[in-house]
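The values are calculated or read from the model by the stated rules, or taken from the named source; none is laboratory data. As the structure is a computational prediction, the values presented were derived from the model and not from experiment. Virtual Cβ from ideal backbone geometry, glycine too; neighbours counted across all protein chains shown. Each accessible area value is taken on the protein alone, full model and side chains, heavy atoms only, with ligands, DNA and RNA left out. Shrake-Rupley method; radii C 1.70, N 1.55, O 1.52, S 1.80 Å.
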Amino acid sequence: MDSGSKTEQISEDTSAIKEMFSALNIKVDTISPIRLGKYDPTSSARRRSVKIRLPHTGAVADVIRLSGKLKSIDKFKLVSLSRDRTPAQIGYYKRIKQQLTDRTLAGETGLSIKYIHGVPKVMQTRNYSGN
């Protein structure tokens, strides 16, 4: 891949991301897209993932919170968004998920994983009456 096509790809990615954010009514001035994975010119059927660096965590929270609306927009219905998690965060989530499984197997009902200030916790669902 030569530098001209890489520049064009970055420009296309930035344009598509801005269009997606516009559809979600999110205003972000600075978007830094980075293609992940190895470039393979023979595999045009599979697009590589794009990592987006945003200027502040508030923008990240807005994008993640509103990303479910993309499923109702034909152009973006196959787009999936998620936070970039560190290995420690992934491990913590696995421990929380195991805790949920253990407590459910022990007979507790009405439990789910809820995010409190971005941190997953096992919580009792609000409207659950365990009679």
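Data for the structure
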item	result
Difference of contour (0.36 nm per residue) and Cα-Cα distance, S22 to D84	20.1 nm
Separation in nanometres of the label points that stand 7 Å from Cα toward Cβ, at Q9 and Q98	3.8 nm
Overall form of the stretch 28-118 per C-alpha gyration tensor (a/c, 1.5; a/b vs b/c)	prolate
Exposure rank, largest accessible area first [M123, M20; 1.4 Å]	M123, M20
For the chain, built as a Gaussian network whose Cα springs stay under 10 Å, the top-fluctuating residue of S15, S82, S72	S72
Separation in nanometres of the label points that stand 7 Å from Cα toward Cβ, at D29 and M123	3.4 nm
Accessible area of K51 in the full protein assembly, 1.4 Å probe (Å², nearest 10)	70 Å²
Kyte-Doolittle at least -1.0, axis length at least 15 Å by Cα - qualifying DSSP helices, the chain	3-23, 87-105
Of K18/K94; K71/K114; K27/K97; K18/K97, those spanning more than 29 Å from alpha-carbon to alpha-carbon	K18/K94; K27/K97; K18/K97
S112/K69 FRET efficiency (R0 30 Å; Cβ-Cβ; nearest 0.05)	0.85
Length-normalised contact order for the stretch 21-85 - Cα pairs under 8 Å, 6+ apart - percent	31 percent
